[in-house]
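Visitor: First, the structure itself, so that you have it in front of you.
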Amino acid sequence: MTKVLGILGTSNKFGITAQMLQAVLAGAKSDGCDVEMICLADYPLEMNPSKEHNQILDQLHHKMLASECLIFATPTYWKDVSGLMKQFLDCMRSRMVRFGKKDGEMLPDLYAKKKYILLTNCYTKTLENCVTGVTDSTFIVMDRVCTTAGMELVGEAVTTNTFAMKELPDWKHAECVNLGKKIQISIEKRDFTVKRYIQLFFMLAFSTLITMGIQSLIENWLPITGFWGNYVTFVLIFFILLSVVLHYFSVKNINATNYK
Ligand SMILES: Cc1cc2nc3c(=O)[nH]c(=O)nc-3n(C[C@H](O)[C@H](O)[C@H](O)COP(=O)(O)O)c2cc1C
């Protein structure tokens with residue numbers, strides 16, 4: 001079962017950030033994922049931790065490692081992530097990436113290929129946010145960490161105009177639920193890649209066999225023979241056959257995806 005971990009970067013457990021995170025987790029859960037939410041305010045996060053605090057960071061690291069998808073949720077503070085989220089990402093650096101051979105080079109390690117989702121919100125109105133990119137700078141910080149760790153983005157969501165907002169609007173709630181539903185699909189797509197190569201191999205083997213069979217049946221009626229005759233008929237027959245096979249598989253896949 002796909003494990004999804006929501007990481008709340010604010011002490012406001014009932015605020016808009018928390019509601020967005022819960023909606024994404026609800027979407028993932030409705031798709032059969034095993035979901036968990038942690039609130040960073042419940043953990044002591046120190047850059048030079050004592051032995052006891054180091055164990056707590058290790059516990060968080062193991063929770064993250066056990067999850068296929070991590071959701072980072074933070075309010076936008078001063079065009080940036082919250083101090084709590086920043087402190088967490090700083091503390092996790094040595095666990096999320098490894099050092100390369102060049103000085104200070106950071107490379108993907110244990111978190112490579114994990115999926116991630118980013119959530120934030122701000123007082124700024126939607127249009128102003130589009131122009132000034134208030135939440136863009138929040139995302140850039142979290143994105144930098146996740147991409148350095150080799151993780152893959154599933155999606156992101158922003159709620160703007162949150163001043164005096166107590167509850168996430170229904171349409172934004174629905175958007176977050178849909179984002180949560182993307183998690184399982186994006187993980188299945190990755191598993192699908194190996195299947196695709198196997199399918200491709202058999203498609204090629206099958207089309208080549210049929211093409212060579214047809215060629216041997218019609219070789220006596222061909223106007224051109226020899227190398228170029230074989231080449232032209234092979235390309236034409238193979239192209240028609242492969243188009244039919246590919247069309248069949250892509251239509252089947254589109255129907256399967258729509259059904260989901
Ligand atoms: C310290 C602080 C800094 C903030 N900075 C910004 C900002 O730069 N731009 C903005 O639009 N909103 C800013 N806000 C508003 C928060 O983004 C807003 O309160 C957020 O929606 C709170 O989320 P919550 O309900 O999860 O607590 C700031 C709020 C605080 C407390």
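The values are calculated or read from the model by the stated rules, or taken from the named source; none is laboratory data. Since the structure is predicted, the reported quantities are computational estimates derived from the model, not experimental observations. All Cβ positions, glycine included, derive from the backbone under ideal geometry; neighbour counts span all protein chains shown. Just so you know, the surface numbers come from the protein's heavy atoms only, side chains and all, with ligands and any DNA or RNA stripped out. Shrake-Rupley method; radii C 1.70, N 1.55, O 1.52, S 1.80 Å.
Visitor: Using the structure shown, decide if L60 is modelled with pLDDT of 95 or more and buried (at least 18 other Cβ atoms within 10 Å of the Cβ).
Guide: Taking the combined requirement at face value, the residue satisfies it.
Visitor: While we're on this one: Just wondering, is there one or more residues in segment 77-86 that are open to solvent by less than 40 Å² (accessible area, probe 1.4 Å), away from the ligand (no atom under 14 Å from the Cβ) and out of contact with any helix residue (DSSP H, G or I) (no Cβ under 7 Å at 6 or more places or on another chain)?
Guide: Within segment 77-86, not a single residue is open to solvent by less than 40 Å² (accessible area, probe 1.4 Å), away from the ligand (no atom under 14 Å from the Cβ) and out of contact with any helix residue (DSSP H, G or I) (no Cβ under 7 Å at 6 or more places or on another chain).
Visitor: Among the listed residues T162, T148, identify the single one that is within 13 Å of the ligand (Cβ to nearest atom) and either touching a helix residue (DSSP H, G or I) at 6+ places or on another chain (Cβ under 9 Å) or over 18 Å from K113 (Cα atoms) (or both).
Guide: T162 is the lone residue from the list that is within 13 Å of the ligand (Cβ to nearest atom) and either touching a helix residue (DSSP H, G or I) at 6+ places or on another chain (Cβ under 9 Å) or over 18 Å from K113 (Cα atoms) (or both).
Visitor: Shifting gears a bit: Is there a residue in segment 119-135 that is open to solvent by less than 40 Å² (accessible area, probe 1.4 Å) and away from the ligand (no atom under 14 Å from the Cβ)?
Guide: no
Visitor: Please determine whether any residue of segment 25-41 is basic (K, R) and over 21 Å from M92 (Cα atoms).
Guide: Yes, some residue in segment 25-41 is basic (K, R) and over 21 Å from M92 (Cα atoms).
Visitor: Quick check, is N178 in a helix (DSSP H, G or I) and among the polar types (S, T, N, Q)?
Guide: It is true that N178 is in a helix (DSSP H, G or I) and among the polar types (S, T, N, Q).
Visitor: Just to be sure before I move on: is W228 among the hydrophobic types (A, V, I, L, M, F, W, C), open to solvent by 100 Å² or more (accessible area, probe 1.4 Å) and modelled with pLDDT under 85 in the structure I sent?
Guide: no
Visitor: Still on this structure, please answer the following. Just the residues that are at pLDDT 95 or above, farther than 14 Å from V81 by Cβ and part of a helix (DSSP H, G or I), please, taken from segment 131-155.
Guide: T147, T148
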